[in-house]
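Novice: Got a structure for you, written out below as structure tokens; questions coming shortly.
The values are calculated or read from the model by the stated rules, or taken from the named source; none is laboratory data. Only a predicted model underlies this, so the values are computations on that prediction, with no experimental measurement involved. Counting neighbours? That spans all protein chains shown, and the Cβs are built from the backbone with ideal geometry, glycine included. Only protein heavy atoms, including side chains, enter the accessible area calculation; ligands, DNA and RNA are left aside. Shrake-Rupley method; radii C 1.70, N 1.55, O 1.52, S 1.80 Å.
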Amino acid sequence: MLVLSALVRCLGLAYGLPAVHNPDEVAIMNRAVGLAQTQFNPRNFLYPSLYFYALFACEALWFVAGRLLGMFGSLAAFERAFFVDPTSIYLVGRGLTAACGVLTVWATAHLGARLWDARAGLSAAVLLGLAPLAVTDAHYVKHDVPVTLLIVLAHLALLRAWSDPARSRRWILVGLLTGLAMSTHYYAVFVTLPVAIGALSAQADRASVAARVRRLLLVGGAAALVFFAGSPFLLLEPMRALDDISANRAIVIDRLTTSTGAFGAAEYYLGWLARDAAGRLACVLAAGGLIVTLRSGARTAIVALAFSLAFIAFIANTVPASRYLNPVLPFMLLLAGAAVSWTLRHRRRIWRVAGVALLAGAGLEAGWSSVRVGLFFRQADTRTLAQQWIERTLPEGTSILVQPYSVQLRQSRGSLEEALRAHLGDPARASVKFTRLLRLDPYPSPAYRTLFLGAGGLDVDKIYVEPAAFDQAGSLEPLRRLAVTCVVMKRYNVEDVSMVAISAALRREGRLAAVFSPYRHDASPDRRQAVPPFLHNSSTRIAAELERPGPIVEIWTID
């Protein structure tokens, strides 16, 4: 089962590379590999720091391995690879996520075996190993899959400690794993709910109330120690940390609750769990397993349900993102495993046959969806196809207007210096990253003068052209003044109202040179209108009408 879990997670793992079409991956990787330049201070606390340190360590090991294998002759060669062709670097980061996903399958099997029996654990492992949500998110350099592993391990340690509550070392281990989880992602704080119940539970042993409180303090102290050890600059820069955490709350929570009220995303998350996360049959099994769990005793119910219920209540107040369901998924499938185990223990043969049939059906449903994910990821992204067309067709140095997170074109040295001069006054004031990029010799090719269509941003390496300029001009004159001769537009199934003016101007004054669509040729216009393109940093589904990832990309030329 572990081998199969690894295979479906590695299928399509190199998607898009050397281009990286998930902006979250770019931000995370840049912060991780730049830690050595900042004395290991991430200087940003939207997330805690442990995952960045783990990712940095993996990349450092990859550099050492590559040096021994002759792939990197020096640190400068490794650095050049990051700027020119970061394929191997991102594969290492994605490989870390995939490995955490496989280990989560192993940990879930053991947790299920301790909660019920080996059959329940193996059934849960089968379903988690093939679950489309877990498989999809194991392809990304992101926090959600690694933190899920630590959350499951913390519950496994809790169950072992609960079985022998007098052994302090077991409770310390619970605290250590809880701290590691919280230092990977803040939302792992909800692990403290079952941990606190376990430490204080009168059913755990006959210890006095004072003894149980001491046990709780022991767990809490270990968790706090490891949390700050994994994210030490939270203590050293508390005001910046509070500002970043508040800003993250405004983006993730306040943006939803101010418009929809409390629990506005509950229907979205429950719908994903019921249909897409592991398949409908797995959800049916989990519903049956809920009854089995509630009849199995308080300890089993607390370990299986307490974290998930609290966590779902929390994310129901966040802007919908399917990746947030990763920590819930092992516990949902543990319930499914409990249902299968119950049927296999039943005296009547019909129940045993039904249990095996449901497990097989759920596994096939999930497995087929996960294989489709890997095969879909292997298809060239529309932005990759557009990039290849540009590199074949347009001469180097062409002035091209693109949108953020669209076709990834290498920025020329002159274009980068132009942007740095516009924002900083002098390219010599640029950060270490851009200074080293400018010093690359030879400079990577092909490269273009790139400008960006948008309302502006904080990126000092980009010059922005605001869409409002075309509302005022009523023509492409703002682009002619900037000597732009090519425009790359990305489109979705719903038109972006801010791009109406430039789109109309392009139809009047430009020439449509190429179009790259993610839809199958036999998809009807109505279905194309109804089905959004799949983007790696969104929660859109891989619909049957889609042939490949990416938005619709149009390439326009201007005379």
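Novice: If you check Phe228 against the conditions, is it in a helix (DSSP H, G or I), open to solvent by 40 Å² or more (accessible area, probe 1.4 Å) and within 30 Å of Gly129 (Cβ to Cβ)?
Specialist: So Phe228 fails the test.
Novice: Something else now. Just to be sure I understand, how many residues within the range 294-312 are assigned to a helix (DSSP H, G or I), farther than 17 Å from His185 by Cα and free of Cβ contacts under 8 Å to residues at least 60 places away in the same chain?
Specialist: Of the residues in the range 294-312, 4 are assigned to a helix (DSSP H, G or I), farther than 17 Å from His185 by Cα and free of Cβ contacts under 8 Å to residues at least 60 places away in the same chain.
Novice: Could you give me the residue pairs with C-beta distances under 6 Å whose first residue belongs to the range 39-63 and is at pLDDT below 95, whose second residue is hydroxyl-bearing (Ser, Thr, Tyr) and assigned to a loop (DSSP other than H, G, I, E, B) wherever it lies, and which are 6+ apart or on separate chains?
Specialist: Going by the 6 Å Cβ cut-off, the qualifying pairs are Pro42/Ser49.
Novice: Out of Glu79, Glu59, Glu25, I need the residue that is over 30 Å from Ala107 (Cα atoms), among the acidic types (Asp, Glu) and surrounded by 14 or more Cβ atoms within 10 Å (Cβ to Cβ). Which one? Spell out the reasoning first.
Specialist: On the way: Glu59 fails: over 30 Å from Ala107 (Cα atoms); Glu25 fails: over 30 Å from Ala107 (Cα atoms).
Checking each option against the conditions leaves just Glu79.
Novice: I'd like to verify a number: residues in the range 65-120 that are outside any helix (DSSP H, G or I) and touching a helix residue (DSSP H, G or I) at 6+ places or on another chain (Cβ under 7 Å), how many?
Specialist: Start the filter on the range 65-120 by keeping residues that are outside any helix (DSSP H, G or I), which leaves 69-74, 85-86, 116-117.
Imposing the further condition that a residue be touching a helix residue (DSSP H, G or I) at 6+ places or on another chain (Cβ under 7 Å) reduces the set to 72, 116-117.
Summing the residues that are outside any helix (DSSP H, G or I) and touching a helix residue (DSSP H, G or I) at 6+ places or on another chain (Cβ under 7 Å) in the range 65-120 gives 3.
Novice: With the requirement that a residue be under 22 Å from Arg345 (Cα atoms) and crowded, with 20+ Cβ neighbours inside 10 Å, what does the range 289-302 give you?
Specialist: Gly289, Val292, Thr293
Novice: A further question on this structure: Looking at Val319, Val353 in this structure, which one is β-branched (Val, Ile, Thr) and in contact with a Leu (Cβ under 8 Å, 6 or more places away or on another chain)?
Specialist: On inspection, the qualifying residue turns out to be Val319.
Novice: Just one of Val356, Val371 is β-branched (Val, Ile, Thr), assigned to a helix (DSSP H, G or I) and over 30 Å from the mean Cα position of the chain (by Cα); which is it? Show your work before the answer.
Specialist: Values: Val371 fails: over 30 Å from the mean Cα position of the chain (by Cα).
It is Val356.
Novice: Still on this structure: For the range 410-438, which positions are in contact with a Pro (Cβ under 7 Å, 6 or more places away or on another chain) and either closer than 21 Å to Ala36 by Cα or small (Gly, Ala, Ser) (or both)?
Specialist: Keep residues of the range 410-438 that are in contact with a Pro (Cβ under 7 Å, 6 or more places away or on another chain), which gives 410, 417, 420-421, 438.
Listed by number, the list holds a single entry, Leu438.
Novice: Working only within the range 204-217, note down all residues that are closer than 17 Å to His155 by Cα and part of a loop (DSSP other than H, G, I, E, B).
Specialist: First pass over the range 204-217, keeping only residues closer than 17 Å to His155 by Cα: 204, 215-216.
Result: Ala204, single match.
Novice: Can you tell which of Gly220, Gly198 is part of a helix (DSSP H, G or I), closer than 17 Å to Ala154 by Cβ and touching a residue at least 60 places away in the same chain (Cβ under 8 Å)?
Specialist: Numbers: Gly220 fails: touching a residue at least 60 places away in the same chain (Cβ under 8 Å).
Sole residue among the options that is part of a helix (DSSP H, G or I), closer than 17 Å to Ala154 by Cβ and touching a residue at least 60 places away in the same chain (Cβ under 8 Å): Gly198.
Novice: Being in a strand (DSSP E or B), open to solvent by less than 20 Å² (accessible area, probe 1.4 Å) and either closer than 26 Å to Glu391 by Cα or in contact (Cβ under 8 Å) with a residue 60 or more places away in the chain (or both), is that true of even one residue in the range 452-465?
Specialist: Yes, there is a match, as at least one residue in the range 452-465 is in a strand (DSSP E or B), open to solvent by less than 20 Å² (accessible area, probe 1.4 Å) and either closer than 26 Å to Glu391 by Cα or in contact (Cβ under 8 Å) with a residue 60 or more places away in the chain (or both).
Novice: Within the range 388-418, count every residue that is open to solvent by less than 40 Å² (accessible area, probe 1.4 Å) and either closer than 18 Å to Ile555 by Cα or of a type in the set (Ser, Thr, Tyr) (or both).
Specialist: Qualifying residue count, the range 388-418: 15.
Novice: Here's another thing I want to ask about it. Out of Leu242, Leu218, which single residue is surrounded by 12 or more Cβ atoms within 10 Å (Cβ to Cβ), of a type outside the set (Lys, Arg) and in contact with a Gly (Cβ under 8 Å, 6 or more places away or on another chain)?
Specialist: Exactly one residue qualifies, and that residue is Leu218.
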